[in-house]
Structure formats: C-alpha cells, structure tokens
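Since the structure comes first, as structure tokens, the remarks are kept for the end.
The values are calculated or read from the model by the stated rules, or taken from the named source; none is laboratory data. None of these values were measured; they are calculated from a predicted model. Here the Cβ positions follow ideal geometry from the backbone for every residue, glycine too, while neighbour counts run over all protein chains shown. Accessible surface is based on the protein model in full, side chains and every heavy atom, while ligands, DNA and RNA are left aside. Shrake-Rupley method; radii C 1.70, N 1.55, O 1.52, S 1.80 Å.
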Amino acid sequence: MKRLSDQRPPARYQPSVGLSLLFTPLPKGAQRPVLDVSYALGSEHILRFSAREALGVPEQTLLLALLELAGEQYADCGDDAVVSAADDRSLPGRLWSALYPEGGLGMPKTVMIRTTWEALNRRCGTRSGGSTIEMRKAGLRRLCEVVVWEEHSGCRTTRQSFLLVWVEGDDRHIHLALNHRLASVFFGGQYAKLWMCERLRLGSDLAMHVHAFLSTTMRPGASLSIGLDTLAARVWPTDHDSAPAGTLRRRRSELKRALAAIARLSHWTVLWEVGVSTSTKAVIRRAEGNTVRDMTSATPPFPSSQLSRSQGHTDPTVASDTATNVCSLFASGV
C-alpha cells in the first residue's frame, strides 16, 4: 500500500526560482549571511532576491510543501483560491496589500493557501511539537522577508514585491499568498515537477538541494551528463574557484554521496564515467512516467558544452489527498 505522501501530485516549481541560488546548503549552527541573489531572465531582465538572512534547504522544503498544497487547493477551488488587485474580499485584500506594498496595480493574479502548522509539519516530513512549530515559523518568516526586485533595464523599470506573505486568521489557520512568479505555474507558465515523496526520502540537505536542482533542470525521461566540479561550482559558487585542494576533494566526496542517495530513488539512475584514477562525471537519468503529457520547460543552467541533455514528454500523475475542502472559506474571505 502506498503511503499518503506517495499519492500527492508534484510541487510545481517555477524555473527562475528553481535554477537561481535562492536556496543553498548552510553550515549547521553558523550565522546566516545576508541574502543577495540575482537571476537573469534575459539580457535586460533581472530578478533580485534580498533579505537579512540567507535561505537554507529547510526553507526550500517548506516552500515546496506550500507549492504542493497551493496546487491541490487551486485544483479543488479554482477562482476561489485566486487573489488579484480587484479582489474585494477582506482576507485576500489584506494578503494582496502585504504582497505588494505599493498596491500591485497591474500585477498578475496569484494564489492563496489555507493551512495549519500541523499540516505543514506533516508535509515537511516532521512531527508536530512546540519546538518544531517554532522552527517552522522561523522558516516561514525568512521566506516572507524575501523582497523580490524585478528589473527591466531596457525600459528602466523596477517592481518590488515579496516572495510570500502570511496572515494568521481568527480561525487559527495560516493564510498565505504566493508571489505572482511562483503562482504563474498554475496559469499556463512553465514549471518543473518535483515530488516531495522523493525529496523526503533523501538523508541530507545536500542531497535534497541537488535533487531540487536536477528536478528543475531535467524533465522526466531526460538524461544529463555533468562533472562533479561543475556541480560543485553551482552548490558552492562563492568560493569554488579559490577553495583549497583538500576542500575540493571533500566536496566531490559529499556530492558523490548525495548522488548515490538520489540513485536509490525509483525514478532516478546515476552512472559514472571513469577517469584515469577516479569517477568525476555523472550520467544521470530521470525515468519517464506513463500517463500525462509533461508540459514543463526549463532553460539549461550551464552552457551546452557542459551539459548533455535528452528531452522527455511524460511523467506520472497521482490523485490529490486534500483532506478538507477549503473552497467555501476562500469564497467567503474568512
């Protein structure tokens, strides 16, 4: 019998977020650096993410859990889960104003979510308790503090918004709204598919981080050839070129263990091209599903000289496990 997590549809991950360095593995217990990350959507179109604290893998897990939940609630509730500048409901209006401090006039619509701390903990693979809920709250605060700057240098415009906003309602539930870029995946935008049931089977932050990157880069049915040093340069971009030889060897070893964990997942295969004395290049394959046509598309994060890709077109789909119908609550604005 499949576990509940195996029956949920995938989280839809927006490529510009998934391929950016918004989330990185952070040393345990160390002071978090300031977040200041850019991602080029085009030669004159830049996304910048800034916050007082960098985001680690646990924050990425939380965001993916929210995206998974948003997909289920939007599928169930349709327009009742949609928020726009013209929304006259009380709570959606508050969420919109928090998301866009300048009013958000002309900004695309987005999706809101209703959940509880206990539900979020289950989706993140942890039990609920006072310390766990406090940790989850801290992670959600960090996500909500991320300012997204969208800059068009050609037309000299800059738009400000937040990655996520959160309001605790009188009903003791958490109410959230996604940045329109995250929500675009529900309105015809491109997206990658990431299964949380796969992610939660991995044993380390590094393996989860690499799995999210590969899930964003590779369609189901695709293959990818990538060197360990190329992958290390993505995971540790700030000092990869200047790191001592011993650090580089340790990082290769850690990446091999992370890829070995991914290879134990049923839909992934990792083979090694053997060099003179050691395996330094991985050939990764992501298995196809058999039911629904995959409409995802993502821009390769590295030049074609560094990656070898093949395209796939199908992936598995599964039924939603949403336990409570929240559509009437969205409709009434709670």
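Results, tabulated for the structure shown:
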quantity: Neighbour-limited loop hits for chymotrypsin sites (Phe, Trp or Tyr not before Pro), region 128-211 (at most 13 other Cβ within 10 Å; DSSP other than H, G, I, E, B); calculated: Phe187
quantity: Cα-based shape type of region 157-289, given that a ≥ b ≥ c are square roots of the gyration tensor eigenvalues and the cut on a/c is 1.5; calculated: prolate
quantity: Accessible surface of region 12-135 [probe 1.4 Å, protein heavy atoms]: carbon and sulfur percent; calculated: 50 percent
quantity: Per-selection metrics, region 19-83 (Cα): Rg and Dmax in Å; calculated: 15.4, 43
quantity: Whether region 47-101 is rounded, prolate or oblate, judged on the alpha carbon gyration tensor where a/c under 1.5 counts as rounded; calculated: oblate
quantity: With 5 Å bins from 0: P(r) over region 74-142, alpha-carbon pairs, percent; calculated: 3, 14, 21, 16, 16, 17, 10, 3, 0
quantity: Shape metrics for region 168-212, restricted to C-alpha atoms - Rg then Dmax, Å; calculated: 15.0, 39
quantity: Largest to smallest principal axis extent of the C-alpha atoms in region 124-185, angstrom; calculated: 50, 22, 21
quantity: Dmax and Rg, reported as Rg then Dmax, of region 134-223 (C-alpha, Å); calculated: 16.6, 49
quantity: Solvent exposure ordering (accessible area, 1.4 Å, most first) of Glu168, Glu53, Glu68; calculated: Glu168, Glu53, Glu68
quantity: Quotient of C-alpha Rg and 2.2 N^0.38 Å, computed over region 51-199; calculated: 1.04
